[in-house]
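Since the structure comes first, as structure tokens, the remarks are kept for the end.
Every read-out reported here was derived from the displayed coordinates using simple, explicitly stated rules and does not represent laboratory data. Quick caveat, the model's predicted, so the values are computed rather than measured. Cβ placement follows ideal geometry from the backbone for every residue including glycine, while neighbour counts extend to all protein chains displayed.
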Amino acid sequence: MDIENAYMGRILVADLNEGTCEEEELTEEMVKEHIGGAVINLALYKQHVDRNPIVFGTGLLTGTFAPSSCAGVMTGKSPVTGRVCHVPLSWQTAVELKYSGYDFVVVLGESDKPVRLWLHDELAELADAGEVWGRDVWQTTDKLRYEHGDDYVQLIGIGPAGEKGCRIAQISEGAWGSRDVFGMGLAMGARKLKAIAMRGLGSLEVADGFFDECLEAQQELRKGASFEKQGLVALLEALGVDAADLEPIKQKVHRHVASFNCAYAANTFLMIDEPPGLLKESKKDEPGLLLTDPAGVISLLFLKEGLPVVLREINRQGLDPVACGALLKKEGVAEAGEAVKRVQALAGEEVDLEDAGVENVYGIAPWPLSEALEARLIQAVSVFSHAVPLSPLGGGWADVSVGENPVERAQWWLDRMAVSSILGICPIAALLSPEFTLQKMAELGAKAVDWDELTEEALLKQARKLVQETHALDEANGTVPSSWASADLDGALEKLRQGWEG
Amino acid sequence: MELAVESLKCIGCRVCEYACNYHHDMDCSPNGASLMLHRTEKRNYFGMMVKREKDLLLARPEGPEVVPPGEQVEGAGASSKPILMRAPCDLCEDEDEPFCVKACPTGCLSMVES
Ligand code: SF4
Ligand code: SF4
């Protein structure tokens, strides 16, 4: 196996109590045993479990020529649900992490004063974060990029919400929102870890023929019907969101933007303070925002024309838009100015959604189909982010060779999420492209590192083990809010679990 | 022949940078590419910059701009400087097809008669 085609070979262990950074080698044996991504994250999590670790990891293919290889994964215990979760990272975040020289970062313990982690060119530094503590996500991103002299520094950070103990705090990827629906922003804030900033000049080696094989795979994917469109709004339409509800957003669409090496631009920029047709560079510093999370947008659609300004404030405060949407709706706050003020206040409150009377909300998706049994099953397992749609995108279930059985459907989704989290494939792309089969993903992985044993079967075995072991870490797993508990759910969950045992 | 950039087709995926670097250096990174995405993220202003033999092509969304050597690039911050040190685009003359064109998923890049 040629591990240098996939990984830099380094794990960083940052101890916040001691203020130290130590390096360990990512060995070929570890990759052979776990393949990569979330499975290695989980092994590192278990190894350091008594220090309540948070692990940031990259997949085997993250940052390579493999299509949609933008993804990484954050693993840790949610301070809100108490369950261990795997949150996908996209945009340029995980790619920059790998190229900074570190394939995995383990954060242990907690600091007594605000700190930030700076990873660059195979060096790691824990630095004082006093200057950015208290600043919102956008100010922090600007400040740290300026400080490090480079606009291409990528960040995983938190805003005031995470600092102040708010339970609906979300981690941010640079200035934008993430797929964290587990309150991991609070997990970082409780450790006084304001941000991880990353920049690197690393490089990976490339196996003979890998480049061409990846381009062929990419071309194959692009033949899929989903690729006739671009942008986040088209994803929402494919999910069955009412076109009339999307009209206020559509009118503000500027340009669509892709995460690293994704042929589908799943992010869409909305202009708020400039005409959406603007081609020249705006003279304003912050004329709009990038929509990165379809779940958050759905949750806020009731704000109509007010959505962009409110979501911009949610991003700045480092809050979870799914939870904010549910709460604002419950409180009857629908006017934009009022909603912005309420969002600013929320960042300073503890926020208990159950106490507030918002049902089924922790880790629960706002998708139109979240009532379906397969979706309830997925949410009951609750190991991957439900900010990722719970069904195939594009052609829906008809597009993939899975029947109507909810257990099989839930397993299909879990397999896709697990495999993409191991290899570093964007989870949205994995749902958009049924043509991107698990077999194809395994072939690209095998080719990348010249490792014949990486077959679809081996990948699936790791994927199921990942779900099973993560699920087994907490007794609460599999419990669901009483309002959607049902006999058919209990029986189906049992069947799903049995599948992993076999 | 020359490399043409239809800037509004670009989605900022950056794979062209890695492909170009692969052509030059046979490894995977954006560090040695003759082209580079310039982006002001919060304004969503982005486009490719191509280091050419004699000048720098800025494929701005509002239209292309050619910057002669030694001239200051307006609006490009410190982050864009590295492009000036890079090997210029050699049009992939020794390859069957230019790597960046082959890798670009949107048809934003193409080879045209000069
Ligand atoms: S044509 Fe070749 S050398 Fe020129 S930018 Fe494209 S990949 Fe680089
Ligand atoms: S590959 Fe094409 S779409 Fe992607 S950044 Fe380069 S020019 Fe833009």
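Numbers below:
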read-out: Test item: Cα-centred dipole of chain A, Lys/Arg +1 and Asp/Glu -1 on Cβ, debye; value: 1260 debye
read-out: Label-point separation in nm, A:Asp242 to A:Glu29, each point 7 Å along Cα→Cβ; value: 6.0 nm
read-out: Cross-link pairs beyond the 21 Å C-alpha cut-off, checked among A:Lys143/B:Lys42; A:Lys143/A:Lys194; A:Lys143/A:Lys284; A:Lys194/A:Lys283; A:Lys32/A:Lys98; value: A:Lys194/A:Lys283
read-out: MRE, 222 nm, helices only [DSSP H, n ≥ 4, -39500 (n - 2.57), over chain A, to nearest 500]; value: -11500 deg cm²/dmol
read-out: Set of aspartates and glutamates near A:Lys341 by C-alpha distance (under 17 Å), chain-local residues within fewer than 8 positions excluded; value: A:Asp136, A:Glu305, A:Glu313, A:Asp320, A:Glu331, A:Glu349, A:Glu350
read-out: Approximate spin-label separation B:Met85-A:Leu201, in nm, with each point projected 7 Å along Cα-to-Cβ; value: 0.5 nm
read-out: Cross-link reach list, aspartates and glutamates versus B:Lys54, counting only Cα pairs under 13 Å and skipping chain neighbours closer than eight places; value: B:Glu2, B:Glu71, B:Asp90
read-out: Per-residue mean of C-beta atoms belonging to partner chains within 10 Å, peptide B:13-23; value: 5
read-out: Helical contribution to [θ] at 222 nm, DSSP H n ≥ 4, -39,500 (n - 2.57), averaged over chain B, rounded to 500; value: -4000 deg cm²/dmol
read-out: Nearest-0.05 FRET efficiency for A:Lys280 and A:Lys143, computed from C-beta distance (R0 35 Å); value: 0.85
read-out: Cα-based shape type of the stretch A:82-231, given that a ≥ b ≥ c are square roots of the gyration tensor eigenvalues and the cut on a/c is 1.5; value: prolate
read-out: Efficiency of FRET from Cβ geometry, A:Glu501 and B:Ser114, R₀ 45 Å, rounded to 0.05; value: 0.10
read-out: Gain on full stretching of the segment that runs from A:Glu494 to A:Glu371 - 0.36 nm per residue minus C-alpha separation; value: 42.4 nm
read-out: Shape of the protein assembly as shown, Cα gyration tensor, a/c cut at 1.5; value: rounded
read-out: Full-extension gain in nm, A:Glu220 to A:Ala356, via 0.36 nm per residue minus C-alpha separation; value: 44.2 nm
read-out: All lysines inside 22 Å of A:Lys223 as judged from Cα atoms, apart from same-chain residues fewer than 8 positions distant; value: A:Lys440, B:Lys9, B:Lys102
read-out: Cα gyration tensor shape of the stretch B:2-112, rounded if a/c is under 1.5, else prolate or oblate by comparing a/b with b/c; value: rounded
